[in-house]
């Protein structure tokens, strides 16, 4: 992941969605949020907590709200971040015109998200269910006690990330190949996206 000194440097280097990010940034900064690069992307905070982050994807630019499930969404613009996310929701944009037409909805969501941070409101997460390991991972852990020890040292979140990655493959061969590729990172105590 490339690092940037600030959002200006990030935007200067952006190849995709630059104009949309610049337009969205103007709306966000108009609401008085603190801006920084976190997780390699423009992130916005208030009252000591992360509120939203810009996420450029191939089909769209997203503004993801960390506590999106707690927002009332009076404009009906929020969509789920993903099937495994319990808190995040996002607004998606495909043009500068969409950023402009949804500016009031963005402001409303930001104002509510800032109030959640000010009040200290937390998302009530569902308790983590026990991970169902794919057979190929179970076999690899059974065959290699050192790998099992390294796996058990991983945080629950890192284990979950790997399990979701491995399990999303339809073919056993693909699952086995993913496990083999990730084994050095597991042994090093790293998560799927750690560098």
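The values are calculated or read from the model by the stated rules, or taken from the named source; none is laboratory data. These numbers come from a predicted model, not from an experiment. So basically every Cβ, Gly included, is an ideal-geometry build from the backbone, and we count neighbours across all protein chains shown.
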_Matching residues in region 123-150 - criterion: being surrounded by fewer than 12 Cβ atoms within 10 Å (Cβ to Cβ), in contact (Cβ under 8 Å) with a residue 24 or more places away in the chain and outside any helix (DSSP H, G or I)_ = 125, 126, 128, 132
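For (1) assigned by TED's automatic domain parsing to the domain that holds residue 180; (2) within 23 Å of residue 61 (Cβ to Cβ); (3) modelled with pLDDT of 95 or more, each residue gets a yes or a no:
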| position | (1), (2), (3) |
| --- | --- |
| 78 | no, yes, no |
| 81 | no, yes, no |
| 84 | no, yes, no |
| 87 | no, yes, no |
| 95 | no, yes, yes |
| 100 | no, yes, yes |
| 107 | no, yes, yes |
| 110 | no, yes, yes |
| 126 | no, no, no |
_Hits in region 1-57 - residues which are over 17 Å from the mean Cα position of the chain (by Cα), part of a strand (DSSP E or B) and free of Cβ contacts under 8 Å to residues at least 24 places away in the same chain_ = 34
*asked:* Being assigned to a helix (DSSP H, G or I), at pLDDT below 95 and in contact with a helix residue (DSSP H, G or I) (Cβ under 7 Å, 6 or more places away or on another chain) is the requirement here; does residue 164 meet it?
replied: no
*Of the conditions (1) loosely packed, with under 11 Cβ neighbours inside 10 Å; (2) within 24 Å of the chain's Cα centre (by Cα); (3) more than 23 Å from residue 85 (Cα to Cα), residue 153 fails just one. Which one is it?*
(1)
*Looking only at residues in region 58-78 that are surrounded by fewer than 13 Cβ atoms within 10 Å (Cβ to Cβ) and free of Cβ contacts under 8 Å to residues at least 40 places away in the same chain, which one is farthest from residue 10 (Cα to Cα)?*
74
*Quick one: is residue 90 in contact with a helix residue (DSSP H, G or I) (Cβ under 7 Å, 6 or more places away or on another chain) and part of a helix (DSSP H, G or I)?*
no
